[in-house]
Amino acid sequence: MRAIVVGAGIGGLAATLSLRRAGHEVTLVEQTPRFTEIGAGIQLAPHATRVLRRLDLLDEVAAPAARPSHLSFRTWSDGAEICRYALGREVEDTFGAPYLLLHRADLHQALAAAVPPRSVRLNTAVVGIDQDDEAAYVTTAGGEHLRADLVVAADGIRSAARQWLFGADEAVFSKTAAYRALLPPDQVADLDLPQLGVWLGPGRHFVHYRVRRGELLNVVAVFGTEAAQESWTARAEPGEQLREFDGWDPRVLDVLERAGQVFRYGLYTRAPLARWNIGRVTLLGDSAHAMVPFQAQGAAQAILDAAVLGDALAGATPADVPDALDRYVSRRLATATDVQAGSARAGEEFHLPDGPEAQARNARMAAHAATDRFLPQATAWGADVL
């Protein structure tokens, strides 16, 4: 069979590899003229790294990754530890695959390197997708009409394909934004930071961990706001992040001050859909279920989508495509939608104001950690999508 995948982000690349593994011919169409290093830190839990192992990519992805031994939750004002959860070797032994922290560009590069260059069409913008009973068609800005047995739209949070399939539907601002930065860890070595730290405070939270073989510290400082541009390259005003986190533990402020160039980006989501597919065309990844990153699941869920898509289409013929896509969506939609909602709830929990609610949250977290060494969402890590 012939497939076209629109969008060469993490989801699109993983879908291309999964469909090729299922024996199909795939053309990956991407509007940018070249792959560039964009983004910052990303986390992959064992349910996603198991998929990478099946794609024979785990070693390449894991090579530049960091593997912290634990995750520490802290209070915003004095850094007191609320609780800690095991990661590292304990996670790998229990769930059969590692928990990895890495630069998004390193993951993207490993996926892209596994796709044969002849299967990729860069600098090709898609301006339309349509279909009939026999095939699906992609129209490019250059006037080409590409024909395939199925089309996978992995064109991201601002997905045009989603609107072509289901009508007017815009990305939704989460009323949160984030400062992000990467800096050498030796610049903050004197601060005795945990390997992976999440600091919780009123209307804000602060995350840090190492990536790229531990050579960079990834910093994300999330805060509530009524407006923010969605951009990987928008720069914060000098000192803006310090004013936003005024009064926080001095270690947090020291990291933010020493970070140098800080970027500011708004966090957007998409409303849940009742279905992702029509006929021979389906959505995948952020185009289907973009979520806030408060459970570090965006990339993982796209990778899981790709695995199930390939599995649903294994051995399929062109006539089987609509039913196969129904099976893919039926296996993934409810889970991805639940994760999307859980990520939003996590943000609300992280940002509780000081007082009884925050105290009750901290008590719940500490009680869970006292009886279970893994995060509450780790119950999903052992579930195999295939």
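From Ala161, Ala177, which residue is open to solvent by less than 50 Å² (accessible area, probe 1.4 Å), in a strand (DSSP E or B) and not aromatic (Phe, Trp, Tyr)?
Ala177
Checking Pro272 against (1) modelled with pLDDT of 95 or more; (2) open to solvent by 30 Å² or more (accessible area, probe 1.4 Å); (3) in a loop (DSSP other than H, G, I, E, B); (4) in contact with a strand residue (DSSP E or B) (Cβ under 8 Å, 6 or more places away or on another chain), only one condition comes out false. Which one?
For Pro272, the failing item is (4).
When you go through Leu333, Leu309, Leu352 one by one, which is the residue that is closer than 21 Å to Ala135 by Cβ and either open to solvent by less than 60 Å² (accessible area, probe 1.4 Å) or in contact with a helix residue (DSSP H, G or I) (Cβ under 9 Å, 6 or more places away or on another chain) (or both)?
Leu309
Go through region 276-327 and report how many residues are under 19 Å from Met1 (Cα atoms) and among the polar types (S, T, N, Q).
Within region 276-327, residues that are under 19 Å from Met1 (Cα atoms) and among the polar types (S, T, N, Q) number 3.
I'd like to check something: does region 74-90 contain any residue that is in contact (Cβ under 8 Å) with a residue 40 or more places away in the chain, in a loop (DSSP other than H, G, I, E, B), in contact with a Leu (Cβ under 8 Å, 6 or more places away or on another chain) and not hydroxyl-bearing (Ser, Thr, Tyr)?
yes
For Leu19, which of the numbered conditions (1) open to solvent by 30 Å² or more (accessible area, probe 1.4 Å); (2) within 19 Å of Val120 (Cβ to Cβ); (3) more than 18 Å from the chain's Cα centre (by Cα) fails to hold?
Here Leu19 meets the rest and fails (1).
Of the numbered conditions (1) open to solvent by 30 Å² or more (accessible area, probe 1.4 Å); (2) over 19 Å from the mean Cα position of the chain (by Cα), Gln109 fails exactly one; give the number of that condition.
(2)
Can you tell me which residue is nearest to Leu284 (Cα to Cα) among those in region 142-155 that are touching a Ser or Thr at 6+ places or on another chain (Cβ under 6 Å) and either modelled with pLDDT under 95 or open to solvent by 30 Å² or more (accessible area, probe 1.4 Å) (or both)?
Asp155
So which pairs qualify, if the first residue must be in region 269-280 and over 25 Å from Glu230 (Cβ atoms), the second must be open to solvent by 30 Å² or more (accessible area, probe 1.4 Å), the Cβ gap must be under 7 Å, and the two must be at least 6 apart or on different chains?
Partner pairs satisfying both residue conditions: Asn277/Asp326; Ile278/Leu165; Gly279/Gln131; Gly279/Pro322; Arg280/Gln131; Arg280/Pro322.
Among (1) open to solvent by less than 60 Å² (accessible area, probe 1.4 Å); (2) of a type outside the set (Lys, Arg); (3) in contact with a Pro (Cβ under 6 Å, 6 or more places away or on another chain), where does Ala80 come up short?
(3)
Looking at (1) within 20 Å of the chain's Cα centre (by Cα); (2) open to solvent by 10 Å² or more (accessible area, probe 1.4 Å), which one does Gln31 not meet, given that it meets all the others?
Exception for Gln31: condition (1).
In region 36-57, which residue that is open to solvent by 20 Å² or more (accessible area, probe 1.4 Å) and part of a helix (DSSP H, G or I) is farthest from Leu122 (Cα to Cα)?
That would be Arg50.
Determine if region 223-238 includes at least one residue that is hydroxyl-bearing (Ser, Thr, Tyr) and either surrounded by 18 or more Cβ atoms within 10 Å (Cβ to Cβ) or outside any loop (DSSP other than H, G, I, E, B) (or both). Please lay out each step first, then the result.
Quick first cut of region 223-238, residues hydroxyl-bearing (Ser, Thr, Tyr) only: 225, 231, 233.
From what is left, the residues that are either surrounded by 18 or more Cβ atoms within 10 Å (Cβ to Cβ) or outside any loop (DSSP other than H, G, I, E, B) (or both) are none.
Checked against the condition, which is being hydroxyl-bearing (Ser, Thr, Tyr) and either surrounded by 18 or more Cβ atoms within 10 Å (Cβ to Cβ) or outside any loop (DSSP other than H, G, I, E, B) (or both), region 223-238 yields no hits at all.
Only one of Val138, Val152 is closer than 14 Å to Val6 by Cβ, part of a strand (DSSP E or B) and under 25 Å from the mean Cα position of the chain (by Cα). Can you tell me which? Can you show your working first?
Details: Val138 fails: under 25 Å from the mean Cα position of the chain (by Cα).
Criteria check complete, one pass: Val152.
Is it the case, given these coordinates, that Leu217 is open to solvent by 30 Å² or more (accessible area, probe 1.4 Å) and either under 27 Å from Ala63 (Cα atoms) or of a type in the set (Phe, Trp, Tyr) (or both)?
Values: open to solvent by 30 Å² or more (accessible area, probe 1.4 Å): no; either under 27 Å from Ala63 (Cα atoms) or of a type in the set (Phe, Trp, Tyr) (or both): yes.
Against the criterion (open to solvent by 30 Å² or more (accessible area, probe 1.4 Å) and either under 27 Å from Ala63 (Cα atoms) or of a type in the set (Phe, Trp, Tyr) (or both)), Leu217 does not qualify.
Give the residues of region 295-315 that are among the small types (Gly, Ala, Ser) and either at pLDDT below 95 or not in a helix (DSSP H, G or I) (or both), sorted by residue number. Step through it out loud before you land on a result.
Of the residues in region 295-315, the ones among the small types (Gly, Ala, Ser) are 296, 298-300, 302, 306-307, 310, 312, 314-315.
Of everything in region 295-315, those that are among the small types (Gly, Ala, Ser) and either at pLDDT below 95 or not in a helix (DSSP H, G or I) (or both) turn out to be Ala296, Ala314, Gly315.
Please specify each residue of region 358-386 satisfying the condition of being over 25 Å from the mean Cα position of the chain (by Cα) and surrounded by fewer than 12 Cβ atoms within 10 Å (Cβ to Cβ).
Correct list: Gln359, Ala360, Ala367, Ala370, Thr371.
Scan (1) closer than 29 Å to Arg74 by Cα; (2) touching a Phe, Trp or Tyr at 6+ places or on another chain (Cβ under 7 Å); (3) among the acidic types (Asp, Glu) for the single condition Asp130 breaks and write down its number.
Unmet for Asp130, out of (1) closer than 29 Å to Arg74 by Cα; (2) touching a Phe, Trp or Tyr at 6+ places or on another chain (Cβ under 7 Å); (3) among the acidic types (Asp, Glu): (1).
The values are calculated or read from the model by the stated rules, or taken from the named source; none is laboratory data. Everything quoted here is computed from the prediction, not taken from an experiment. Don't worry about glycine lacking a Cβ; one is built from the backbone with ideal geometry, like all the others, and counts go over all protein chains shown. Just the protein is used for accessible areas: all its heavy atoms, side chains included, with ligands, DNA and RNA removed. Shrake-Rupley method; radii C 1.70, N 1.55, O 1.52, S 1.80 Å.
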